[in-house]
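Worksheet: the structure to be examined is printed underneath.
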Amino acid sequence: MTPEEAIQPVSDKQHLVVIIDDLPSNLLYFNEALNGFGYRTITAENGKKGLEKINAMLPDLILTDVNMPEMDGYGLCEAVKANPATRDIPIVLVTAQDDRDSLIRGLKIGADDFLIKPVKLSELEARARNLLLVKDYRDHMKSYTADLETQVSLRTQELKHAFQELKTVNLQLKESILDTVRRLSTAAEYRDRQTAAHIWRMSHFAQVIAEGMGMPEEFMDNMLYASPMHDVGKIGTPDHILMKEGKLTPEEKEIMAEHTTNGERILSGSDHPLLVMAREIAGSHHEWWDGNGYPRRLKGDDIPLDARIATVADVYDALTTERVYKKAWTPEEAFAHIQSESGTHFDPACVEALNKSRDMILEIQHSQRHLEHVA
């Protein structure tokens with residue numbers, strides 16, 4: 001129902017009027033008159049009995065005398081307006097007192113209109129019709145409001161359900177993407193036995209550095225899941241180069257460097273933020289802050305921030321991990337080295353975040369020593 005539909009003429013229902021007066025002649029007069037106007041009526045000879053009938057029948061209009069035994073018209077009016085079930089029923093007070101104080105008193109306690117005795121039939125008909133018209137409009141709007149609230153409630157439940165379904169779909173999508181991450185990282189692991197522990201540590205280092213830089217939670221989460229794919233391009237690197245224990249020749253270095261662009265190609269074709277970040281890291285984690293890195297010799301802020309963070313995390317873990325061609329550096333030596341290359345190899349802001357998060361970095365290393373032994 002629209003608001004326009006709610007504001008319609010009075011319904012065709014036969015309205016019920018309660019008439020209350022202690023004089024039988026007045027009851028008869030008003031009863032016959034209102035029946036003649038087409039209304040149903042109920043009568044009561046005092047306020048107490050009238051109130052009982054009002055509460056039981058819930059009429060559309062109350063016509064009551066003011067001066068009555070047991071409960072006068074003012075007391076009846078107060079009782080009706082105090083009851084939530086009856087307070088919207090219009091009340092007409094009939095009185096012989098044509099004085100301002102009586103009228104004001106009646107209005108203050110909730111009376112809707114007055115009739116002064118002797119009551120003319122034309123005036124009675126007009127007052128009754130106008131009050132019932134207002135009540136019908138009010139009932140229409142109450143019904144409309146209730147219907148609207150029901151519809152809003154239903155729509156709200158539907159939206160909550162749809163949101164929950166969307167949330168479930170997003171979780172499934174995220175899990176699917178994370179499964180892709182795990183599979184690609186596992187593929188790299190098969191090429192290098194030391195990769196498993198390395199990618200776990202460096203990805204957590206990267207998340208901690210991002211946190212130290214004050215990055216949003218979503219960015220930090222993506223760093224955790226995207227950075228393990230930084231070396232996924234090594235899947236295409238020949239074994240004799242990847243597994244070589246000695247120094248690489250210039251030609252072999254060129255081939256090894258191709259793992260950055262290979263990783264970009266492997267991770268291309270998706271606009272999901274996680275895979276976009278993974279692609280940027282794979283392609284740029286060997287770029288240097290001063291422009292002396294590879295594959296594009298990017299410089300400063302031209303290097304994606306996620307790649308700058310991953311570079312620091314990757315190098316720190318490489319320095320503190322034993323390899324066949326070198327011993328592991330102590331954390332103090334690694335921190336000092338990275339600090340010394342702040343502004344050349346590394347983004348100074350990333351180095352500052354690493355130093356600020358030293359305790360967390362060391363805790364991650366300590367907790368994952370067993371992975372290194374397994375590898």
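Restricting attention to segment 308-336, the residues that are out of contact with any helix residue (DSSP H, G or I) (no Cβ under 8 Å at 6 or more places or on another chain) and under 14 Å from SER203 (Cβ atoms) total 0. Being surrounded by 15 or more Cβ atoms within 10 Å (Cβ to Cβ), farther than 13 Å from ASP22 by Cβ and either of a type outside the set (A, V, I, L, M, F, W, C) or within 56 Å of the chain's Cα centre (by Cα) (or both) is a property that SER122 lacks. I need the full set of residues from segment 303-344 which are buried (at least 16 other Cβ atoms within 10 Å of the Cβ) and part of a strand (DSSP E or B), in order please. Answer for segment 303-344, where residues must be buried (at least 16 other Cβ atoms within 10 Å of the Cβ) and part of a strand (DSSP E or B): just SER342. For beta carbons closer than 7 Å, sequence separation of 6+ or different chains, a first residue in segment 43-58 that is on the phi > 0 side of the Ramachandran plot and a second that is hydrophobic (A, V, I, L, M, F, W, C), the qualifying pairs are LEU58/ALA85. For segment 32-48, the criterion of being polar (S, T, N, Q), at pLDDT 90 or above and surrounded by fewer than 15 Cβ atoms within 10 Å (Cβ to Cβ) is met by at least one residue.
Taking the criterion of being under 19 Å from ARG127 (Cα atoms) and among the polar types (S, T, N, Q), the only residue of segment 60-90 that qualifies is THR64. Could you name every one of the strands (runs of 3 or more DSSP E) located completely within segment 60-177 that has at least 2 residues being assigned by TED's automatic domain parsing to the domain that holds THR43 and touching a residue at least 40 places away in the same chain (Cβ under 8 Å)? Ranges flagged: 61-65.
The values are calculated or read from the model by the stated rules, or taken from the named source; none is laboratory data. Note that the structure is a prediction, hence the values are computed from the model and not measured. Cβ coordinates were reconstructed from backbone atoms using ideal geometry, including for glycine residues, and neighbour counts include every protein chain displayed.
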